[in-house]
Amino acid sequence: MVKDEGSLKVGNEMELREVDDRNKLQFDYAWKWFESHQRQRMIMFYYYCIIVGILANALVASYKESYSIIRIPIGIMGFVTSVAFLLFEIRNRWLCKVAEDLLEKLENEVIFPPDFLDKNGNKMGPMSVDTRIGMREGQKLTIKRLFLKHKYWIRVMYVIVALCFLVFLSRQ
């Protein structure tokens with residue numbers, strides 16, 4: 001809870017801690033970095049869906065109207081688009097991780113003191129919880145967590161669509 005500008009009530013004993021301007025600047029910078037790259041990641045995915053929709057429509061129309069001459073360029077464009085957007089996704093996810101690491105550090109050192117724990121004695125900050133349940137980047141992956149990670153679903157879609165365009169190319 002915020003008491004006044006620059007002070008936070010935290011911990012089980014509700015001690016008063018000062019948060020200096022540098023900490024606020026660090027948090028604001030990290031959050032804007034994360035938000036920017038996460039938004040860019042989703043916008044890229046939306047653009048990808050639109051582009052692939054247009055290419056798939058063109059491919060279907062080429063079969064329907066027997067325009068075989070444009071099938072190969074459409075297939076190549078679809079495959080290259082899928083691979084390019086997969087690479088954009090990997091880069092944007094990495095940039096998000098950079099901000100997540102900084103946010104977790106600020107969360108542990110500035111925002112939530114060591115005594116800010118849940119009833120089981122675990123840290124309560126969102127990044128700490130994400131780390132505790134194994135959902136952070138670079139942690140050991142289990143099958144259960146694999147199905148909960150957003151990045152794997154998006155990447156699988158990119159690969160499947162790229163393979164579909166390759167299949168269409170091979171049918172020429």
Exercise. Going through the range 124-164 one residue at a time, which ones are more than 24 Å from VAL110 (Cα to Cα), among the aliphatic types (A, V, I, L, M) and in a loop (DSSP other than H, G, I, E, B)?
Worked result: LEU141
Problem set entry | Those residues of the range 99-119 which are at pLDDT 85 or above and either of a type in the set (Val, Ile, Thr) or not in a helix (DSSP H, G or I) (or both), in sequence order | LYS119
Problem set entry | Of residues in the range 65-121 being aromatic (Phe, Trp, Tyr) and over 24 Å from TYR46 (Cα atoms), the one surrounded by the most Cβ atoms within 10 Å (Cβ to Cβ) | PHE112
Problem set entry | Test: SER128 is under 28 Å from LYS32 (Cβ atoms) and polar (S, T, N, Q) | yes
For this session: Test LEU146 against the criterion of being modelled with pLDDT under 80, surrounded by 12 or more Cβ atoms within 10 Å (Cβ to Cβ), more than 30 Å from ILE70 (Cα to Cα) and out of contact with any strand residue (DSSP E or B) (no Cβ under 9 Å at 6 or more places or on another chain), and give yes or no.
Result: no
Exercise. Which residues, counting only those in the range 28-50, are surrounded by fewer than 16 Cβ atoms within 10 Å (Cβ to Cβ) and aliphatic (A, V, I, L, M)?
Worked result: MET42, ILE43, ILE50
Exercise. Going by the conditions given, is GLY53 more than 22 Å from GLN26 (Cβ to Cβ) and touching a helix residue (DSSP H, G or I) at 6+ places or on another chain (Cβ under 6 Å)?
Worked result: no
For this session: Take PHE147 and decide whether it is among the aromatic types (Phe, Trp, Tyr) and touching a Gly at 6+ places or on another chain (Cβ under 8 Å).
Result: no
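The values are calculated or read from the model by the stated rules, or taken from the named source; none is laboratory data. Please read all numbers here as calculations on a predicted model, not as lab measurements. Neighbour counts are summed over all protein chains in view; Cβ atoms, including those assigned to glycine, are modelled from backbone coordinates with ideal geometry.
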